[in-house]
1. Of all residues in region 33-54, how many are in a helix (DSSP H, G or I) and of a type in the set (A, V, I, L, M, F, W, C)?
2. Give Ala124, Ala112 a once-over and let me know the one that is in a helix (DSSP H, G or I) and crowded, with 17+ Cβ neighbours inside 10 Å.
3. When you look at Arg223, is it in contact (Cβ under 8 Å) with a residue 60 or more places away in the chain, of a type in the set (Lys, Arg) and farther than 22 Å from Cys135 by Cβ, yes or no?
4. Among Arg80, Arg72, which is the only one that is under 27 Å from Ala55 (Cα atoms), assigned to a helix (DSSP H, G or I), more than 14 Å from the chain's Cα centre (by Cα) and without any contact (Cβ under 8 Å) to a residue 12 or more places away in the chain?
5. Test of understanding: among Arg215, Arg163, Arg209, which residue is basic (Lys, Arg), within 19 Å of Val133 (Cβ to Cβ) and part of a strand (DSSP E or B)?
6. Considering region 188-228 alone, what residues qualify as being surrounded by fewer than 14 Cβ atoms within 10 Å (Cβ to Cβ), more than 27 Å from Gly120 (Cα to Cα) and over 15 Å from the mean Cα position of the chain (by Cα)?
7. How many residues, within region 27-54, are surrounded by fewer than 15 Cβ atoms within 10 Å (Cβ to Cβ) and under 14 Å from Ala78 (Cα atoms)?
8. Taking the condition of being in contact with a strand residue (DSSP E or B) (Cβ under 6 Å, 6 or more places away or on another chain) and within 18 Å of Asp212 (Cβ to Cβ), how many residues in region 133-174 meet it?
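FYI, it's all coordinate maths here, none of it is from the lab. Please read all numbers here as calculations on a predicted model, not as lab measurements. Here Cβ is always computed from backbone atoms with ideal geometry, including for glycine, and neighbour counts include all displayed protein chains.
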Amino acid sequence: MTGHLTVKDCGDSAVVARAVGLDQEAAWRLVHTLADALDAVHLPGVHGLVPAYDALLVEFDCADTGHETVRRLLWHEAARLGVDPGPTAAPRRFVVPVVYGGEHGPDLPVVAAQLGLTEGEVVALHSGSDLTVRCLGAPAGAPMTDGPPFPVPVPRLASPRTRVDPGSVAVAGRQAVICPMPSPGGWPLLGRTPVRVLDLHADPLTPYRPGDTFRFVPIGAERWGEFAGVSLAECAEGRADGPRLVRHG
């Protein structure tokens with residue numbers, strides 16, 4: 001594994017490790033497994049681990065530790081894990097109800113036209129397979145997932161919105177996301193889930209982690225109240241108290 005990793009200082013209080021010479025899936029798996037390993041070590045001074053698609057940012061307090069110590073720990077854990085570490089935790093599958101189109105998905109007609117598809121075909125592709133969470137983004141740990149198998153990437157909006165409602169389901173490029181809280185956004189909106197993505201009283205703040213999967217289930221607008229206020233954690237498969245949905249697959 002060490003032969004597939006570069007480690008460089010990043011400013012005065014961070015180090016970045018980057019996977020090189022690997023395919024996209026292997027690079028993603030490497031940096032996230034390494035992040036889990038470092039998290040288990042609890043090195044004094046390290047206060048942030050930010051794994052993305054092919055890189056891991058390790059943030060630390062330079063009053064408590066330094067670049068050399070963090071670099072040494074990175075190389076040690078990389079060597080210990082080996083070339084193909086594999087997943088460190090069993091992924092969970094979340095089955096998420098979504099109202100597509102209309103006021104909840106105002107960009108669905110535009111996206112359909114851009115892709116040369118009907119609105120129904122866009123919904124079928126978006127909800128037709130499990131989408132893997134690749135990393136947590138802004139704001140507040142938004143789940144950045146693989147995009148659905150659209151024929152071409154989806155362009156961002158020419159003019160971003162100043163507010164996107166929580167639960168909005170958006171796509172851009174070859175990625176997808178659920179917006180966890182009100183925020184500006186420039187991604188086209190296909191729909192919105194009535195479930196509550198964030199639980200401010202929970203630890204961790206989000207019930208999902210990289211490697212988990214989402215399966216979106218289309219519902220009619222008349223069923224919004226049935227799921228309003230349900231937490232996303234309750235949508236994990238295997239939860240006896242989860243909402244009743246017609247499940248895919």
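1. Looking only at that region, the number is 6.
2. Ala112
3. Yes.
4. Unique residue meeting the criteria: Arg72.
5. On inspection, the qualifying residue turns out to be Arg215.
6. Leu200, His201, Ala202, Asp203
7. Adding up the residues that qualify gives 3.
8. 12
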